[in-house]
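First comes the structure, then the notes that go with it.
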Amino acid sequence: MSRGRITIMALSVMGLFAVRHFETDLFYDPLKPFFNGAYKLEDLPEINTAKWVLSLMGRYFLNSILALLLLHAIFRKKTIVQFSAILHAILLGILLPTLILLLHVYVPGDYHALFYVRRFLIHPLLLLLLLIPSFYITNSQKKP
């Protein structure tokens, strides 16, 4: 593996960690302190929905770009990156409206669905944890 690929992989992973580390400074998320507290006993905080959705989308796109760079550096196959980009877009198209709906139809004290959909949107590492092994297995099975 070339130095360039290793550098891109390292920078992508560091970028993903940086997004997580600086999330409070970079993104508007009034639900972060809410879910870190005694959220089962409280009502949802006041949320500027437009600002929050734009912030979620920005974070999702930033994480997606870093994830796609990592996949490109690992596999060097355009089809893998294209498939992953389409999958990221489809998931955003499903999860973001679902999250907005859950925000508006929540039942006080029952925030599990809201918590997990939000978490999947802000931490797309789960997608990486599924995609990298599946692409690796697929590629290793094709080689004689």
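The values are calculated or read from the model by the stated rules, or taken from the named source; none is laboratory data. Worth saying up front: this structure is predicted, and the values here are computed from it rather than measured. All Cβ positions, even for glycine, are placed from backbone atoms using ideal geometry, and neighbour counts span all protein chains on display.
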Checklist (1) surrounded by fewer than 17 Cβ atoms within 10 Å (Cβ to Cβ); (2) in contact with a helix residue (DSSP H, G or I) (Cβ under 8 Å, 6 or more places away or on another chain); (3) of a type in the set (D, E, K, R) applied to ARG59, failing item: (1)
Filter result (modelled with pLDDT under 90 and either crowded, with 19+ Cβ neighbours inside 10 Å or of a type in the set (Phe, Trp, Tyr) (or both)) within the stretch 108-135: TYR111, PRO124, LEU128, LEU131, PHE135
Residue in the stretch 72-88 that is in a helix (DSSP H, G or I), surrounded by 13 or more Cβ atoms within 10 Å (Cβ to Cβ) and touching a His at 6+ places or on another chain (Cβ under 7 Å) present: yes
Filter pass, THR98 being exposed (fewer than 13 other Cβ atoms within 10 Å of the Cβ), free of Cβ contacts under 8 Å to residues at least 24 places away in the same chain and either hydroxyl-bearing (Ser, Thr, Tyr) or outside any helix (DSSP H, G or I) (or both): no
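Listed residues PHE83, PHE22, PHE34, PHE61; which is free of Cβ contacts under 8 Å to residues at least 40 places away in the same chain, touching a Pro at 6+ places or on another chain (Cβ under 8 Å) and not charged (D, E, K, R)?
On the way: PHE83 fails: touching a Pro at 6+ places or on another chain (Cβ under 8 Å); PHE22 fails: touching a Pro at 6+ places or on another chain (Cβ under 8 Å); PHE61 fails: touching a Pro at 6+ places or on another chain (Cβ under 8 Å).
Residue meeting the stated conditions: PHE34.
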Residue list for the stretch 37-56, restricted to those being modelled with pLDDT under 90 and surrounded by 13 or more Cβ atoms within 10 Å (Cβ to Cβ): TYR39, LEU44
